[in-house]
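Asker: Before I ask anything, here is the structure I am working with.
The values are calculated or read from the model by the stated rules, or taken from the named source; none is laboratory data. Note that the structure is predicted; figures quoted are calculated from it, not measured. Here the Cβ positions follow ideal geometry from the backbone for every residue, glycine too, while neighbour counts run over all protein chains shown. Surface areas here come from the heavy atoms of the whole protein model, side chains and all, with no ligands, DNA or RNA. Shrake-Rupley method; radii C 1.70, N 1.55, O 1.52, S 1.80 Å.
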Amino acid sequence: MLLSLGLGLSGCARRSFEGQALVPAALAAHRTVAILPFAVQLERLRDVVTHAGVWARDSAARPLGSTLENGLLAERRQMGYQLQAALQAEFMRQQAEHPATCTFQNPAETNQRLARAGITYENLPTRSMAELRAALGVDAVLAGQTTMHQLLPGGVSIAVFVLSNGANPMADNTVQTSLDIYDTQSGQLVWRFDHELRGKPSTSAVALAKALVRDMKGEVPYLKK
């Protein structure tokens, strides 16, 4: 188990994280792993304010907030695929220094296989582990869930942080991520990693993937220490 609290200088972000291997024997037996597109939730004050204005103007013309809601869904989907690819890239970089005990399926192949099986980004959470195993042909899948909670836009948030000496809770944005590895044969959750960035974290997929792998500190499954 890995548990830590720390301060990331980049972006003035405080971080906390905890990892746990729940079934080490299963992790040791895996030879092929697929990283799934991340489930992403975006909770931003700007969206609430924008929605309120648009709903007031357009409620008689079209379903309540439908255009903005579709835009948010598209943004979540795009970020989900970006995080999938960015995490894979970070694992590949780690493999250059630490030999791996398994092969990570290329995300492009993973997504093509899912599409051929009729598994979309939207219905992925409802599919069984047996369906994923049949579609992907891997021993394990890594599923990520990220929630980005932004009270204030980046520039405003930093200004509030500086003016209040970091004491104003409205200056804090958070990015919470959970990574779960499931054995596709048994359906068991065999490893998990919970991670939180609070303060001024970057919300780019590449920056978040780097932060996740950095904070695992040698605890990345399948990579020899």
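Asker: Within region 187-203, does at least one residue satisfy the condition of being touching a Phe, Trp or Tyr at 6+ places or on another chain (Cβ under 6 Å) and under 19 Å from V40 (Cα atoms)?
Answerer: Yes, region 187-203 contains a residue that is touching a Phe, Trp or Tyr at 6+ places or on another chain (Cβ under 6 Å) and under 19 Å from V40 (Cα atoms).
Asker: Would you be able to say whether some residue in region 152-162 is open to solvent by less than 20 Å² (accessible area, probe 1.4 Å) and at pLDDT 75 or above?
Answerer: Looking through region 152-162, none of the residues is open to solvent by less than 20 Å² (accessible area, probe 1.4 Å) and at pLDDT 75 or above.
Asker: Now a separate question. Taking region 89-108 as the search range and keeping residues that are open to solvent by less than 40 Å² (accessible area, probe 1.4 Å) and assigned to a loop (DSSP other than H, G, I, E, B), which one is modelled with the lowest pLDDT?
Answerer: Residue satisfying both the conditions and the ranking: C102.
Asker: Inside region 109-133, can you point out the residues that are part of a loop (DSSP other than H, G, I, E, B) and open to solvent by less than 70 Å² (accessible area, probe 1.4 Å)?
Answerer: A117, G118, I119, T120, Y121, N123, R127, S128
Asker: With the structure loaded, tell me whether A143 is assigned to a helix (DSSP H, G or I), at pLDDT 95 or above and within 23 Å of P107 (Cα to Cα) or whether it fails that test.
Answerer: On the way: assigned to a helix (DSSP H, G or I): no; at pLDDT 95 or above: yes; within 23 Å of P107 (Cα to Cα): yes.
Here the answer is no, as A143 does not meet what is asked.
Asker: Just one of A26, A86, A34, A21 is touching an Asp or Glu at 6+ places or on another chain (Cβ under 7 Å), buried (at least 17 other Cβ atoms within 10 Å of the Cβ), modelled with pLDDT of 70 or more and among the aliphatic types (A, V, I, L, M); which is it?
Answerer: So the residue among A26, A86, A34, A21 that is touching an Asp or Glu at 6+ places or on another chain (Cβ under 7 Å), buried (at least 17 other Cβ atoms within 10 Å of the Cβ), modelled with pLDDT of 70 or more and among the aliphatic types (A, V, I, L, M) is A26.
Asker: Restricting to region 174-186, give me the number of residues that are touching a Ser or Thr at 6+ places or on another chain (Cβ under 6 Å) and surrounded by 22 or more Cβ atoms within 10 Å (Cβ to Cβ). Even if it seems obvious, please write down each step before you answer.
Answerer: We begin by selecting, within region 174-186, every residue touching a Ser or Thr at 6+ places or on another chain (Cβ under 6 Å); these are 176-177.
Adding the requirement that they be surrounded by 22 or more Cβ atoms within 10 Å (Cβ to Cβ) leaves 177.
Going through region 174-186 one residue at a time, the tally reaches 1.
Asker: Mind counting the residues in region 187-225 that are in a strand (DSSP E or B) and either open to solvent by 50 Å² or more (accessible area, probe 1.4 Å) or modelled with pLDDT of 85 or more (or both)?
Answerer: 10
Asker: Further, regarding this structure: Can N173 be described as under 29 Å from K217 (Cβ atoms) and at pLDDT below 85?
Answerer: In short, yes.
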